[in-house]
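What follows is one structure encoded as structure tokens, with my remarks underneath.
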Amino acid sequence: MAERDYLVDHTDNLPALPDDFQRLTDPYQRELLVHCYRFLGSMEDAEDAMQETLLRAWRRMDTLKDPASLRAWLYKIATHVSLDLIDRQKVRALPTTFYPPANPGDPLPPPIFDPIWLDPLPDEYLGDRSADPEARYELRESVSLAFLAVLQQLPGRQRAVLILRDVLGWTSKDVADTLSLSTAAVNSALQRARLTMEKYRQEHDLLASQKIAQGQFGSLLNKYQQAWETADLDSLVALLREDVIYSMPPLPAWFQGRAVIREFLRSYLFSEQAHERFRLLPTLANGSPAFAVYQSTHGGPFRLASLQILALGQNQIARIDTFLNLDGQILEKFDLANSL
């Protein structure tokens, strides 16, 4: 059986790897998982890819000539495992990629549970928070929903080149050796990938969170949380940028514009007839501020309803991606309580 078939069919039955191998690779497992996640846009797929990476590495340990190059060697294997899996999966994205903006006066469409949506990533996977602030910012941007949504649109090889060169900072020669390409082919693929990323970003209004002063950052999030918890629609809308985007995977619907989103929230969540109340718990996801949203109806208990990931721009909220907790699967990675 080919290794790529093993990857798809048998990742749930991997053999236990020796303790000495586990100790050797433990320091790199979290960053390898994030590396695979960038390729695949899915935590579940990334975990499968990482496990397959470790299995292949264990089987091929006798080919590792220099123990000092273990980290780079593992990244090379993880890259090829991810490329194998890309060939068999659907492109993952956000609703803004696949669908036109919705009308708040129309009924909401039913959810789509096929594996086509990006998964959120808990920030705890990003490692040491004491690292250089500039490096931390670049790391957060490399897992932002905006970056990932565009990255998923690239062909596999371009995706690999962009990640290895622009995220990991490898040289063109190292990337060429890893992917069995010429240096010229790597540079050409990198140029095409960068152009596609920029074009797609502009066409789909996908922006990364901009740097914002720490004092303004905290104040903005506090006001946002308070507006939700007090059902203060006017104060909430005042925090939004004029061209703000609001999406709700797995619903194939999204809204754009402050006035449109106000109408949606007024109709569905903040109307007197809705009888909804909210509690928000701050967290971090995909390098961005986020909130676990708990919802109560008719005075009942507060149940985990969604995870909101915010993108900030111009000292306002530019984008809200709300991952609805309809099947309970996605939010398990955040270790959140089901109720308050």
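The values are calculated or read from the model by the stated rules, or taken from the named source; none is laboratory data. Here the structure is a predicted model, which means the values were calculated and not measured. For neighbour counting, all protein chains shown are included, and Cβ atoms are generated from backbone atoms with ideal geometry for every residue, glycine included.
Within the range 307-340, the set of residues being without any contact (Cβ under 8 Å) to a residue 40 or more places away in the chain and closer than 17 Å to L265 by Cα comprises Q308 only. Filter the range 31-75 down to residues that are over 26 Å from the mean Cα position of the chain (by Cα) and among the acidic types (D, E) and give me whichever is surrounded by the most Cβ atoms within 10 Å (Cβ to Cβ). By that ranking, first place goes to D66. If I317 passes every condition in (1) assigned to a loop (DSSP other than H, G, I, E, B); (2) over 23 Å from D106 (Cβ atoms); (3) among the aliphatic types (A, V, I, L, M) but one, which one does it miss? Among (1) assigned to a loop (DSSP other than H, G, I, E, B); (2) over 23 Å from D106 (Cβ atoms); (3) among the aliphatic types (A, V, I, L, M), I317 violates only (1).
Rundown of residues vs (1) part of a helix (DSSP H, G or I); (2) under 26 Å from V244 (Cβ atoms); (3) in contact with a helix residue (DSSP H, G or I) (Cβ under 6 Å, 6 or more places away or on another chain), yes/no style:
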site	(1), (2), (3)
N103	no, yes, no
P109	no, yes, no
P115	no, no, no
E134	yes, no, no
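Here is a list of conditions, (1) outside the structural domain of S267 (by TED's automatic domain parsing); (2) under 14 Å from the mean Cα position of the chain (by Cα), and L154 meets all of them except one; can you say which number that is? Of (1) outside the structural domain of S267 (by TED's automatic domain parsing); (2) under 14 Å from the mean Cα position of the chain (by Cα), only one is false for L154: (2).
If you go through the range 81-95 one residue at a time, how many are assigned to a helix (DSSP H, G or I), out of contact with any helix residue (DSSP H, G or I) (no Cβ under 6 Å at 6 or more places or on another chain) and surrounded by fewer than 20 Cβ atoms within 10 Å (Cβ to Cβ)?
Of all residues in the range 81-95, those assigned to a helix (DSSP H, G or I) come to 81-86, 95.
Restricting the remaining residues to those that are out of contact with any helix residue (DSSP H, G or I) (no Cβ under 6 Å at 6 or more places or on another chain) gives 95.
Then keep just the ones that are surrounded by fewer than 20 Cβ atoms within 10 Å (Cβ to Cβ); that gives none.
Residues that pass the stated criteria total 0.
Go through the range 145-163 and give me each residue that's buried (at least 20 other Cβ atoms within 10 Å of the Cβ) and under 17 Å from T97 (Cα atoms). Residues satisfying the conditions are L145, A146, F147, L148, A149, V150, L151, Q152, L154.
Within the range 261-268, not a single residue is among the hydroxyl-bearing types (S, T, Y), under 20 Å from P120 (Cβ atoms), touching a Leu at 6+ places or on another chain (Cβ under 8 Å) and assigned by TED's automatic domain parsing to the domain that holds D114. Right, Y137: at pLDDT below 95, among the hydroxyl-bearing types (S, T, Y) and within 12 Å of the chain's Cα centre (by Cα) or not? No.
Right, S235: out of contact with any strand residue (DSSP E or B) (no Cβ under 9 Å at 6 or more places or on another chain), of a type in the set (S, T, Y) and assigned by TED's automatic domain parsing to the domain that holds N338 or not? Quick ask: steps written out before the conclusion?
Numbers: out of contact with any strand residue (DSSP E or B) (no Cβ under 9 Å at 6 or more places or on another chain): yes; of a type in the set (S, T, Y): yes; assigned by TED's automatic domain parsing to the domain that holds N338: yes.
So S235 passes the test.
Counting only residues that are among the basic types (K, R) and either in a helix (DSSP H, G or I) or without any contact (Cβ under 8 Å) to a residue 40 or more places away in the chain (or both), the range 256-293 holds 3 of them. Residues in the range 173-216 that are among the hydroxyl-bearing types (S, T, Y), under 26 Å from the mean Cα position of the chain (by Cα) and modelled with pLDDT of 70 or more: 3 in all. Considering the conditions (1) out of contact with any Phe, Trp or Tyr (no Cβ under 9 Å at 6 or more places or on another chain); (2) under 16 Å from W228 (Cα atoms); (3) modelled with pLDDT under 90, S267 is excluded by exactly one of them, (3).
To keep it simple, each residue is scored yes or no on (1) buried (at least 17 other Cβ atoms within 10 Å of the Cβ); (2) of a type in the set (A, V, I, L, M); (3) touching a Pro at 6+ places or on another chain (Cβ under 8 Å); (4) closer than 26 Å to R92 by Cβ.
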site	(1), (2), (3), (4)
W228	yes, no, no, no
A238	no, yes, no, no
E272	no, no, no, no
L284	yes, yes, yes, yes
R303	no, no, no, no
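Residues in the range 76-91 that are at pLDDT below 95 and either over 20 Å from the mean Cα position of the chain (by Cα) or charged (D, E, K, R) (or both): D87, R88, K90.
Could you identify the single residue in A57, A68 that is more than 30 Å from L331 (Cβ to Cβ) and at pLDDT 95 or above? Outline the logic, then answer.
On the way: A68 fails: at pLDDT 95 or above.
Criteria check complete, one pass: A57.
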